[in-house]
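K.L.:
Here it is, the structure, as C-alpha cells.
The values are calculated or read from the model by the stated rules, or taken from the named source; none is laboratory data. Quick caveat: nothing in here was measured; it's all calculated off a predicted structure. Glycine also receives a Cβ, built like all others from the backbone with ideal geometry; neighbour counts cover every protein chain displayed. Keep in mind that these areas ignore ligands, DNA and RNA; they rest on the heavy atoms of the full protein, side chains included. Shrake-Rupley method; radii C 1.70, N 1.55, O 1.52, S 1.80 Å.
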Amino acid sequence: MKRTLSFLSSAVLALSVMGAQAASLKMAYDADPVSLDPYEQLSGGTIQLSHMTYDPLVRWTQDLEFEPRLAEKWERIDENTMRFHLRKGVKFHSGNDFTAKDVVFTFKRLQESPDFKGIFSPFKEAVMIDDYTVDMVTKAPFPLMLNNMTYIFPMDSEFFSGTDENGNPKDAMVKHGDSFASRHISGTGPFTVDYREQGVRVEFKRNPNYWDTTSPGNVDNITLTPIKEGPTRVAALLSGDVDFIAPVPPSDHERIKKNENVELVTMSGTRIISLQLNGERVEAFKNPKVRMAINYAINQQGIVDKIMKGFATPAAQFSPAGYLGHNESLTPRYDLEKAKQLMKEAGYEDGFSITMMAPNNRYVNDEKIAQAAASMLARINIKVDLKTIPKAQYWPEFDKRSADIMMIGWHSDTEDTNNFFEFLSACPNTETGMGQYNSGNYCNPAVDKMMVEANSETDTEKRAALMQSMEKAVYDDAGFVPLHWQNLSWGARKGVEAEAVVNVLNFPYLGDLVVEE
C-alpha cells in the first residue's frame, strides 16, 4: 500500500470551510491516476487529478473562455512578454505561502518534463518580478500564451526542495517510477490526497484553507475507485454503490436514461482516437501505399455505428470541426477493394504479420475498437497479434514503442490544432519534446516546418491556412490512421449536480461540485 503525506487532521476537517450540508462523493472512473506528480505524464487522468489537488494560473470555462485562478489578471508587456499578477493569501496544503517563486519553480520543471516540454518550447523563461508578479517570456510572438497557462499548476517549491529519505531530490521527475513527487501532494487545490493504493482506491479530503471561498462546492471527501469494465461501473451507479461515474459506455446509455434515480450527461468530444504505424519496426510501413491501404481498410463509420453505438464522429484528420486547422475537404476513405489494390501495387498482396497493442481501460471501448481494427486488417492479409493491457501498464510500453501498431487518443488541451501535431506527428525529438507521443516515429519535415511557423503566426486566417495545409499533407501521406472523435459521457445519481462542473476537456472541476445528500 502507498500512503501519501497528508496535512489535514480530523480536528481541522471537523471545522470544514463549507458552511452547511457538507457531503461525500463516491466516484468510479475506468482507471485511477498513475502518479501524483502533475508533470510526470501528459494524460487526461493526470490533468483531472491536477484540477482536484492543484490550481492552474488560468482555466477554461464551460464555454471555452479563460477564467482567472491563481493569476488574478494579466497584461501584455511587449510582443514576447505577458505579465501575470498572482493571487495573494493562497496557501499550499503544507501551509507554505504561494508566491511567484513557485510559478518559476514549476515552469522550470515543465521545461524538464519529457511530456510537457514540447508544449513550452516556444517559451524562453519565467521571470519573477516580485512575490506576486511573474513575466512569461516567449522566444517569438506566440498566439497561445493563455492556452498554455492552463497547464501551469504551481507546485510547492519549498515542500519539493531538498532530498527524500533515500537522498534523492524531492523534485526529481521519474517517469513510470517511484519518486517523492509521484507519492506526495502539496498543491493549492480544493482537495489533498489522504490515502492512495494504486489500482484500488484514492481518498481525497477537502482543503479547509482553500482560497476560493466563492466556490459553491460542498464536497468534503471523495473516494475514487477504478472500475475497468463499463457495465460493472454502470451497475455500481445504478445500485447506489457510487454516485458519479465516467465514462458511460454507449451501450449502457439507455440503462441510465430509464432509471429515475440517475442522470446521464453527454457532450460532443474532441479527442481523436487513432492508430500509429511504426515504420522503424516494420519495413512495409515505410511504403506510403501500404499506409494508405491500411487507411482504406479501416471502416471508421462501421466502428462508430456498431461499437460506439453512434456516440462518436468518424475522423479523417486530427482537428475536429471548430478548430482552426479543421480541413473540411478531408473525409474518411474506407474502400476495401482500393485497399487490396494498393497492397498489390506495393508488392504485399500476400500480406505480412505484425503486432498491435492497445489499452483496455483508457478510451471508450478501446479493446473492442482494437479487435475490430485487427479484423479489418486481416481482410487485406495483414495478420495482427493483438495485446490489450490496463493503462498503468500500457504507457510504459507505449513509451518503449513495444508494438508495430499502437493506439493513442489525444485531446488538445490547448484547444488548438498545433497541439496534435506537436505530440502525435512531429519528428520525434527527445531534446525538444516534440513527437513525444508519436509511437509510429512518423516524420515529415515539411509539416514540421509549417507547425513551427504556425506557432508564431498571430494572423488568424494565415494560421488557419497553415494548419489546414498540415492536415492535408499528413492525410495525403497516410501518416497515421484516424478513427473517430470520442464523445463524452458521465453518469450521476440524482442530487449530484455534475452538469455544472463537467466540460468538453473532460476535466471536471470537482472542487465546485454541489451534492445534495
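K.L.:
Can you give the calculated 222 nm mean residue ellipticity of the chain, where each DSSP H run of n ≥ 4 adds -39,500 (n - 2.57) and the sum is split over every residue, rounded to the nearest 500 deg cm²/dmol?
P.N.:
On the way: 14 runs with 127 residues, N = 517.
Computed ellipticity for the chain at 222 nm equals -7000 deg cm²/dmol.
K.L.:
Can I ask one more? In Å, what Kirkwood hydrodynamic radius results for the range 368-456 from the alpha-carbon pair distances? All intermediate terms of the calculation are to be shown ahead of the outcome.
P.N.:
Numbers: mean 1/r = 0.0680 Å⁻¹.
Hydrodynamic radius (Kirkwood, Cα pairs) of the range 368-456 is 14.7 Å.
K.L.:
Still on this structure: Kindly report the accessible area of the chain per residue (heavy atoms of protein chains, probe 1.4 Å, no ligands, DNA or RNA), in Å². Could you put the intermediate results ahead of the total?
P.N.:
Values: 19880 Å² over 517 residues.
Here the residues of the chain average 38 Å² of exposed surface.
K.L.:
Sequence neighbours fewer than 8 away in the same chain don't count; with that in mind, list the lysines whose C-alpha is under 19 Å from K309.
P.N.:
Straight-line reach from K309, under 19 Å: K257, K258, K368.
K.L.:
Excluding residues on the same chain fewer than 8 positions from K289, give the lysines whose Cα lies under 25 Å from its Cα.
P.N.:
Once the sequence-local lysines are set aside, what remains near K289 is K338, K340, K344, K383, K449, K472.
K.L.:
May I ask you to give the percent of accessible area on the range 305-370 that is carbon plus sulfur, with a probe radius of 1.4 Å? Can you show the working numbers first?
P.N.:
Working: 1340 of 3040 Å².
Here it works out to 44 percent.
K.L.:
Could you state the principal axis extents of the C-alpha atoms in the range 237-301, from the largest down, to the nearest angstrom?
P.N.:
54, 22, 19
K.L.:
For all pairs of alpha-carbon atoms in the range 315-380, what percent lies in each bin of width 5 Å, listed from the first bin to the last filled one?
P.N.:
Pair shares across the bins are 3, 14, 15, 16, 19, 19, 11, 3, 0.
K.L.:
Compactness ratio of the range 118-250: Cα Rg over 2.2 N^0.38 Å, N = residue count?
P.N.:
1.37
K.L.:
What is the spin-label model distance, in nm, from I389 to S456 if the labels are put 7 Å beyond Cα along the C-beta direction?
P.N.:
About 4.1 nm separates the two model spin labels.
K.L.:
Next question. So if I take the centroid of the Cα atoms in the range 343-414 and the same for the range 91-130, what is the distance between those two points in Å?
P.N.:
Comparing the Cα centres of the range 343-414 and the range 91-130, I get a distance of 36 Å.
K.L.:
Would you mind telling me the antiparallel percentage of the DSSP bridges in the chain, rounded to 5?
P.N.:
Details: 56 of 76 bridges.
Percentage antiparallel, nearest 5: 75.
K.L.:
Moving on to the next point. Roughly what percent of Cα-Cα pairs across the range 265-379 reach past 18 Å?
P.N.:
Above the 18 Å cut-off, the range 265-379 has 56 percent of its Cα pairs.
K.L.:
Among 229-240, 464-475, how do they line up by average Cβ neighbours within 10 Å per residue, starting with the highest?
P.N.:
464-475, 229-240
K.L.:
Treating the Cα atoms of the range 175-302 as identical point scatterers in vacuum, please give the log10 of the normalised Debye intensity I(q)/I(0) at q = 0.15, 0.16, 0.18 Å⁻¹, two decimals.
P.N.:
-1.01, -1.04, -1.11
K.L.:
Also: Report, please, the projected area of the chain averaged over directions, based on the convex hull of its C-alpha atoms, in nm². Write out the running numbers ahead of the final one.
P.N.:
Details: hull surface 92.6 nm².
That works out to 23.2 nm².
K.L.:
So which aspartates and glutamates pass the test for K88, namely a Cα distance under 18 Å, with those fewer than 8 places away in the same chain ruled out?
P.N.:
D55, E67, E72, E75, D97, D102, D130, D131, D135, D156, E158, D212
K.L.:
In a solvent-free Debye calculation with one equal scatterer on each Cα, what is log10 I(q)/I(0) for the range 156-222 at q = 0.17, 0.29 Å⁻¹, listed in the order of the q values?
P.N.:
At q = 0.17, 0.29 Å⁻¹ the computed log10 ratios are -0.75, -1.23.
K.L.:
Using 1/(1 + (r/R0)^6) with R0 = 45 angstrom and r between the beta carbons of N441 and E517, what's the FRET efficiency to the nearest 0.05?
P.N.:
Numbers: r = 52 Å, r/R0 = 1.16.
With a Förster radius of 45 Å, E is 0.30.
K.L.:
Sticking with this one: Could you tell me the center-to-center distance, by alpha carbons, between the range 424-484 and the range 139-216 in angstrom?
P.N.:
30 Å
K.L.:
For a protection proxy built on the mean count of beta-carbon atoms within 10 angstrom, sort 193-205, 216-228, 120-132 highest first, please. If you can, show how the numbers build up before the last one.
P.N.:
Numbers: 193-205: 18.3, 216-228: 20.3, 120-132: 16.2.
Result, highest mean Cβ count within 10 Å first: 216-228, 193-205, 120-132.
K.L.:
Give the residue from N327, F142, P154 lying farthest towards the positive end of the charge dipole for the chain; charges sit on Cβ (+1 for Lys and Arg, -1 for Asp and Glu) and the dipole is referred to the Cα centre.
P.N.:
N327
K.L.:
Now for a different question. Would you tally the net charge around N168, using a Cβ to Cβ cut-off of less than 12 Å, leaving N168 out, and scoring K and R as +1, D and E as -1? If you can, show how the numbers build up before the last one.
P.N.:
Values: positive: K170, R183; negative: D164, E165, D171, D178.
Residues close to N168 contribute a combined charge of -2.
K.L.:
For the range 48-108, compute Rh as the Kirkwood radius over C-alpha pairs and then the Stokes-Einstein diffusion coefficient at 4 °C and 1.567 mPa s; write the answer in µm²/s, rounded to an integer. Write down the numbers at each step before the final one.
P.N.:
Details: Rh = 13.0 Å.
It comes out at roughly 100 µm²/s.
K.L.:
Report the per residue volume, in Å³, of the convex hull enclosing the C-alpha atoms of the range 123-175.
P.N.:
On the way: hull volume 6.7 nm³, N = 53.
Per-residue hull volume (Cα only) is 126 Å³.
K.L.:
Kindly state, to the nearest 0.05, the FRET efficiency for D97 paired with S268, given R0 = 45 Å and r defined as their beta-carbon distance. Let's see the in-between values first.
P.N.:
Numbers: r = 41 Å, r/R0 = 0.92.
Taking R0 as 45 Å, the efficiency between D97 and S268 is 0.65.
K.L.:
Report the net charge of residues surrounding R463, where surrounding means a beta-carbon distance below 10 angstrom and charges are Lys +1, Arg +1, Asp -1, Glu -1.
P.N.:
On the way: positive: K462; negative: D416, E453, E457, D459, E461.
Here the count lands on -4.
K.L.:
May I ask which residue of Y363, V103, N209 lies farthest towards the positive end of the charge dipole of the chain, with charges of +1 (Lys, Arg) and -1 (Asp, Glu) on Cβ and the Cα centre as origin?
P.N.:
The Cα lying farthest towards the positive end belongs to Y363.
K.L.:
If you don't mind, another one. Angle between the Cα long axis of helix 460-476 and the longest principal axis of the chain, 0 to 90 degrees, nearest 10?
P.N.:
50 degrees
K.L.:
If I model a spin label as a point 7 Å beyond the Cα along the Cα-Cβ vector, how far apart are those points for Q198 and Q341 in nm?
P.N.:
Simple spin-label model gives 5.1 nm for this pair.
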